[in-house]
1. With label points built 7 Å along Cα→Cβ from the Cα atoms of THR139 and ARG111, find their separation and express it in nm.
2. Once phi is turned into ³J(HN,Hα) by the Karplus curve 6.51 cos²θ - 1.76 cosθ + 1.60 with θ = phi - 60°, what whole-Hz value does each residue of region 28-41 show in order, with x for glycine and proline?
3. Assuming a ≥ b ≥ c are the square roots of the Cα gyration tensor eigenvalues, decide whether region 1-77 counts as rounded (a/c under 1.5), prolate (otherwise, with a/b larger than b/c) or oblate.
4. How many percent of the accessible area of region 81-168 is carbon or sulfur, using a 1.4 Å probe?
5. Roughly speaking, what is the stretch gain from ASP188 to GLN58, that is 0.36 nm per residue apart minus the C-alpha to C-alpha distance, in nm to one decimal?
6. If each DSSP helix of 4+ residues adds -39,500 (n - 2.57) and the sum is divided by the residues in the chain, what number results at 222 nm, nearest 500 deg cm²/dmol?
7. Ranked from highest to lowest mean number of other Cβ atoms within 10 Å per residue, what is the order of the peptides 39-49, 3-13?
8. In nm, what is the difference between 0.36 nm times the number of residues separating ARG47 and ASP73 and their Cα-Cα distance?
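The values are calculated or read from the model by the stated rules, or taken from the named source; none is laboratory data. What you see is a predicted model; the values in this text were computed from it and never measured. Note that each Cβ is placed from the backbone with ideal geometry, even for glycine, and that neighbours are counted across all protein chains shown. Ligands, DNA and RNA are stripped out before the accessible areas are found, and what is left, the full protein with its side chains, is counted by its heavy atoms. Shrake-Rupley method; radii C 1.70, N 1.55, O 1.52, S 1.80 Å.
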Amino acid sequence: MPAMTDVVLPCLNEAAALPWLLARMPDGYRPIVADNGSTDGSAGVARRLGARTVEVPQPGYGAAVHAGILAADPADGVVCVMDADGSFDPAELPSLADPVRAGDADLVCGRRRPTAAGAWPVHARLANAVLARRIRRGTGLPVHDIAPIRAARREALLALDLRDRRFGYPLELLLGAARAGWRVRELDVAYHPRAAGTRSKVTGTVRGTLRAIHDMRAVLAG
């Protein structure tokens, strides 16, 4: 039997999104729900639906992603990461993972293309664009999105020794990839409105966006 490709789903109160999300996993892709202290029963929903669930007591997006990557099976070699809020369709994961598996890229990131008005609030979109432009100028990486959906090799990710455990993790990943000379590719992915009953910890409020910007600025300053 061929190895499964693990999909890390950092999760904080995403119970309403998980049934659709887990049902959409492509054949050969296995979800790992990295539950980051949910109070809405997300972990229980994930288990009932057959997903592997990892409890992550340390708060923070980066902490959840890192724990999920550690839990991934190294047999396949490739691991995907995507938000667990229903804003991405898991059916698009093979388009990100296949170039990594084929050796054509070391990191493939999704560039969000909103499918509806309000899917990506203006304040968050602007902040993302500013940071991505800074990354392009500083590193030469061809990125336009600090992407919350991506694919890379598990062992290579761990070898980068990323330290941020909060919202700065995706930015630190890009900086680390640039330092390591990784071949980074960006592909368009559909960005849908979040599932009803969930709220973004970053884009859902101006405060959340500002907190993420603070974490990312700390990464840039470091």
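1. Distance between the two pseudo-spin positions: 1.6 nm.
2. Result, ordered by residue: x, 10, 10, x, 10, 8, 8, 7, 9, x, 4, 10, 10, x Hz.
3. Values: a/c = 2.37, a/b = 1.27, b/c = 1.87.
Oblate is the answer for region 1-77, as a/c is 1.5 or above yet b/c matches or exceeds a/b.
4. Exposed carbon and sulfur together represent 51 percent of the surface.
5. Result for the pair: 43.6 nm of gain on full extension.
6. The per-residue figure over the chain is -11500 deg cm²/dmol.
7. Details: 39-49: 16.7, 3-13: 24.0.
The peptides rank, most packed first, as 3-13, 39-49.
8. Gain on extension, ARG47 to ASP73, equals 7.6 nm.
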